[in-house]
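Worksheet: one structure, shown below.
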Amino acid sequence: MSSKRLGFFTRLLDNTSAQERYRLATEQIIHAEQLGFDSAWVAQHHFHEAEGGLPAPLVFLAQVAAHTRFIRLGTGVITLPMENALRVAEDTAVLDLLSGGRLEIGLGSGGTPTSFPPFGLESQDRGKAFGNNLQTLLTAWRGEPLAGTDNRLYPAAPQLANRVWQATFSVDGGARAGKSGDGLMLSRTQPRPQDAPDLRLDELQNPIIDAYLDALPEGVTPRIMGSRTAFVTENGDEARELAQKGLRRQAENHRASGQIVKGDTLDDYIRAFDVHLGTAAQVTATLQADTALARVTDLAFQVHSIDPPHPYILRSIELIARHVAPALGWVRRTPQRRVSTSSADSSFSREAL
């Protein structure tokens with residue numbers, strides 16, 4: 001089995017202004033590249049700065065591309081129902097050229113329910129809108145005629161149709177991603193069924209992986225990303241102290257939105273939000289117990305919802321690369337070249353880095 005790929009994920013939630021958030025996240029991604037991370041992923045959130053600091057991920061990644069050379073750049077995710085699919089096709093085509101073929105496109109239908117109406121859409125209609133927009137996006141990338149005219153996407157970007165990742169919480173979503181031959185994105189945490197509130201995260205996600213693999217067409221290489229919250233320090237007590245504020249805030253936000261969070265201690269929050277924190281040895285041990293994570297092709301780590309200060313994020317990135325990720329099956333590869341814009345293939349592979 002080939003070694004896993006390693007990603008850094010950020011929701012851009014540093015406790016500062018929007019401009020400074022973007023600068024710090026750029027520095028974090030550059031730091032991850034220097035330490036050998038294979039990919040960097042950013043989330044999209046509209047309006048609600050406490051949930052995510054970036055409404056325009058493709059704009060942000062364009063400037064990150066100018067400051068990096070090898071690390072692949074991904075969206076995790078673009079909330080496609082709220083977007084004009086043709087504009088996404090055009091922007092991703094240009095960005096992939098500017099980045100030297102390094103773009104990965106994670107797509108999802110979800111998002112904060114109150115964010116949909118300003119885009120002329122209700123949250124309950126997001127599934128249909130996602131399907132329609134995805135079809136338009138794929139039609140454009142594949143170079144097919146658009147809307148019954150002789151117009152076709154320029155610049156051409158057929159390679160992007162094979163770099164799609166679908167995020168899902170459900171078995172049906174896993175099967176849909178597999179049937180399409182897309183990558184599967186598994187969340188750092190997800191809601192538990194009301195009748196089984198104590199299920200482990202891997203117990204929820206292993207059936208999604210099974211459905212994805214069962215539906216994957218023969219000959220298509222699986223792409224399964226497991227995202228996890230992991231905050232690593234030299235001192236486990238310090239990690240817990242820094243986590244207290246962020247996790248408590250997350251619990252309060254969940255309760256305010258009507259969700260149930262059991263307990264009110266730090267350990268309750270750690271269990272509720274599937275958090276891995278502490279020293280490298282402590283984090284490695286809890287991650288190795290995650291049977292779903294053992295099956296993924298791609299590891300992606302984020303510090304949300306702890307959201308510690310920037311210097312701690314940089315140090316956590318370093319400790320993950322040096323100690324945690326190697327114990328989970330990642331092998332650092334030194335990139336030999338930048339992908340040419342003319343030959344960038346559709347696979348997310350070591351050879352493409």
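The values are calculated or read from the model by the stated rules, or taken from the named source; none is laboratory data. Keep in mind the model is a prediction, meaning the values are calculated, not measured. Note: ideal-geometry Cβ built from the backbone for every residue, glycine included; neighbour counts use all protein chains shown. Side chains are part of the model used for accessible areas, which takes the heavy atoms of the whole protein and leaves out ligands, DNA and RNA. Shrake-Rupley method; radii C 1.70, N 1.55, O 1.52, S 1.80 Å.
Can you name every residue in the range 1-23 that is under 12 Å from HIS310 (Cβ atoms) and touching a Leu at 6+ places or on another chain (Cβ under 8 Å)?
Taking the range 1-23 as the starting set, the residues that turn out to be under 12 Å from HIS310 (Cβ atoms) are 10, 12-16, 20-21, 23.
Those that are under 12 Å from HIS310 (Cβ atoms) and touching a Leu at 6+ places or on another chain (Cβ under 8 Å): LEU12, ASP14, THR16, ARG21.
Can you find, within the range 97-123, the residue that is farthest from the chain's Cα centre (by Cα) among those that are open to solvent by less than 10 Å² (accessible area, probe 1.4 Å) and free of Cβ contacts under 8 Å to residues at least 40 places away in the same chain? Talk me through it step by step, then tell me what you get.
Going residue by residue through the range 97-123, those that are open to solvent by less than 10 Å² (accessible area, probe 1.4 Å) are 99-108, 115-116.
Keeping just the survivors that are free of Cβ contacts under 8 Å to residues at least 40 places away in the same chain gives 99, 116.
Working: SER99: 18, PHE116: 21 Å.
This residue is PHE116.
Regarding the range 65-77, can at least one residue be identified that is free of Cβ contacts under 8 Å to residues at least 24 places away in the same chain and within 21 Å of ILE320 (Cβ to Cβ)?
So far as the range 65-77 goes, no, none of its residues is free of Cβ contacts under 8 Å to residues at least 24 places away in the same chain and within 21 Å of ILE320 (Cβ to Cβ).
Yes or no: the range 125-138 includes at least one residue that is in contact with a helix residue (DSSP H, G or I) (Cβ under 8 Å, 6 or more places away or on another chain), closer than 30 Å to ILE270 by Cβ and surrounded by 13 or more Cβ atoms within 10 Å (Cβ to Cβ).
Within the range 125-138, none of the residues are in contact with a helix residue (DSSP H, G or I) (Cβ under 8 Å, 6 or more places away or on another chain), closer than 30 Å to ILE270 by Cβ and surrounded by 13 or more Cβ atoms within 10 Å (Cβ to Cβ).
Would you check if there is a residue in the range 329-344 being modelled with pLDDT of 95 or more and surrounded by 15 or more Cβ atoms within 10 Å (Cβ to Cβ)?
Yes, that holds for at least one residue.
Name the pairs whose Cβ atoms lie under 9 Å apart, with the first residue in the range 309-325 and more than 15 Å from GLY7 (Cβ to Cβ) and open to solvent by 40 Å² or more (accessible area, probe 1.4 Å), the second among the acidic types (Asp, Glu) and not in a helix (DSSP H, G or I), and 6 or more positions between them or separate chains?
PRO309/ASP14; ARG315/GLU234
Return the residues of the range 106-118 that are in contact with a strand residue (DSSP E or B) (Cβ under 7 Å, 6 or more places away or on another chain) and not in a loop (DSSP other than H, G, I, E, B); say none if nothing qualifies.
GLY106, LEU107, GLY108
Would it be correct to say that THR149 is more than 30 Å from HIS276 (Cα to Cα), of a type in the set (Ser, Thr, Tyr) and open to solvent by less than 70 Å² (accessible area, probe 1.4 Å)?
Details: more than 30 Å from HIS276 (Cα to Cα): yes; of a type in the set (Ser, Thr, Tyr): yes; open to solvent by less than 70 Å² (accessible area, probe 1.4 Å): yes.
It is true that THR149 is more than 30 Å from HIS276 (Cα to Cα), of a type in the set (Ser, Thr, Tyr) and open to solvent by less than 70 Å² (accessible area, probe 1.4 Å).
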